[in-house]
1. So, in the stretch 204-226, exactly how many residues are at pLDDT 95 or above, assigned to a loop (DSSP other than H, G, I, E, B) and not hydroxyl-bearing (S, T, Y)?
2. For C313, work out the one condition from (1) under 30 Å from V125 (Cβ atoms); (2) in contact (Cβ under 8 Å) with a residue 12 or more places away in the chain; (3) loosely packed, with under 12 Cβ neighbours inside 10 Å; (4) not hydroxyl-bearing (S, T, Y) it doesn't fulfil.
3. Does the stretch 317-329 include one or more residues that are modelled with pLDDT of 85 or more, within 19 Å of L152 (Cβ to Cβ), in contact with a helix residue (DSSP H, G or I) (Cβ under 9 Å, 6 or more places away or on another chain) and of a type in the set (A, V, I, L, M)?
4. Residues of the stretch 181-190 being in contact (Cβ under 8 Å) with a residue 60 or more places away in the chain and in a helix (DSSP H, G or I), which ones?
5. So, in the stretch 277-307, how many residues would count as being in contact (Cβ under 8 Å) with a residue 24 or more places away in the chain and either under 23 Å from A331 (Cα atoms) or among the basic types (K, R) (or both)?
6. Is it the case that Y264 is hydroxyl-bearing (S, T, Y), in contact with a Leu (Cβ under 9 Å, 6 or more places away or on another chain) and within 29 Å of Q358 (Cβ to Cβ)?
7. If you take just the helices (runs of 4 or more DSSP H) that sit entirely in the stretch 227-342, which of them hold at least 1 residues that are more than 23 Å from the chain's Cα centre (by Cα) and under 16 Å from W140 (Cβ atoms)?
8. Could you run through the stretch 174-192 and say how many residues are closer than 19 Å to K297 by Cβ and among the hydrophobic types (A, V, I, L, M, F, W, C)?
Amino acid sequence: MSHPEGPTPHEPPARRVFVHIGAPKTGTTFVQQVMWANREHLAEDGILYPYTKRGEHLRATLDLRERGWGDSSRRDFAGAWDTIAERARDWPGHTVILGHEIMGGATEPQIRRLVRSLEPAQVHVIFTARDIARQLTSDWQEHLKHRHTVTLEQFVGDLVELGHDAPKPFGEMFWGLHDAPFILRRWATVVPAERIHIVTVPQPGASGDTLWQRFCTVTGLDADRYDTDVQRTNRGLGIVEAELLRRVNRRLAQRRPRIPAMEYDQLVRLHLANRALAERSDRIVLPPDSMPWALDKSREMVTELRKGGYDVCGDLEELIPRPEDHENFTARTDLTGDRLLPSAVLTIAALLRIAARQKRQLRELRARLGELPPTAASFPSGSPGSGSTASGSLRGRLRAGGRRARSRLRRARAH
């Protein structure tokens, strides 16, 4: 089944929950940012985006999938999914949209738990899919943003030759989150195929709003009603910047003590990779000797998806790579120090600007902290019901203000 391009106005049936399960690197972050920025407007239209804090979608997904993250264990996320499911069940409107790009890797028991926890709503699954050649190069970048030092040639070669048995975590994470037939077969054991929607990501050159238009077609949203002018935070790297980051990771791995995961995420992924190392050099493309395999594998995947009976918005032919998009490959051995130096200089300058801005913010926080009134210790003691209600309320506000200011100060120092 295929949709025409653009949204088709209709009256959506009551109590539908759309679960966007991935794949990573297919515009999922953009969709999440648009939903987050418009959540109040959506609510007015009867559509719930059930998150109230940034990162809550990831925490809920980790709880559902029974996984830790970075230096955090699965226990740190206990109860997060139940909170989101309860909000979805209690929503009086007609539609709920939720999810995270790593949700696609859920096991069958975890999928059954998801569906049961959202009853009596009708659950729909959305999987945004992009051609495997672009997915391989994008996923390699993402691993570099999470400490890894593998080269593109080794990363792609292992996934091609070894499949799911490629070295951890690459085999499990790539095929377990990007292989649409493999993932959707498992979800189809719980959710009927006609309620599983594949939204294809167009090839380069298509209109920039195509993905959003298609997502809205599936969910019944009016695409033109919501503001899509959001900051793109998950930016790609050029081949020079990627190699520079890979070498930084290699150097950091040789030093002790190791940077904790949370600090690495803030300093390296968010500041270095997504800001200072913004794409300035040639785009990363697939190694040429892997393109014949990518074409064969993609045709095989498209054939299987056609047989699956899934609803398709877009065109499955868009999942076939275009070799012309992957010309002018740059091998790692060609990335000499002379090639990296200009990017390294620009990166140092960008990091200094970031550091200067944070120093300014730190001074402002210190000034605000110094302006706080005396703490609760300076006031007479009192307890609820003791006749000190007004002063107790004031003390509570002061304590809360002090905690917030100190928390901001600690975060600024950490960054």
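The values are calculated or read from the model by the stated rules, or taken from the named source; none is laboratory data. For clarity, every value in this text was computed on a predicted model and none was experimentally measured. As a convention, Cβ positions derive from the backbone with ideal geometry for all residues, glycine included, and neighbour counts pool all protein chains shown.
1. Final tally of qualifying residues: 3.
2. C313 satisfies every listed condition except (3).
3. Checked the stretch 317-329: no residue is modelled with pLDDT of 85 or more, within 19 Å of L152 (Cβ to Cβ), in contact with a helix residue (DSSP H, G or I) (Cβ under 9 Å, 6 or more places away or on another chain) and of a type in the set (A, V, I, L, M).
4. Answer for the stretch 181-190, where residues must be in contact (Cβ under 8 Å) with a residue 60 or more places away in the chain and in a helix (DSSP H, G or I): P181, I183, L184, R185, R186, W187.
5. 18
6. It is true that Y264 is hydroxyl-bearing (S, T, Y), in contact with a Leu (Cβ under 9 Å, 6 or more places away or on another chain) and within 29 Å of Q358 (Cβ to Cβ).
7. Ranges flagged: 239-253, 291-307.
8. 7
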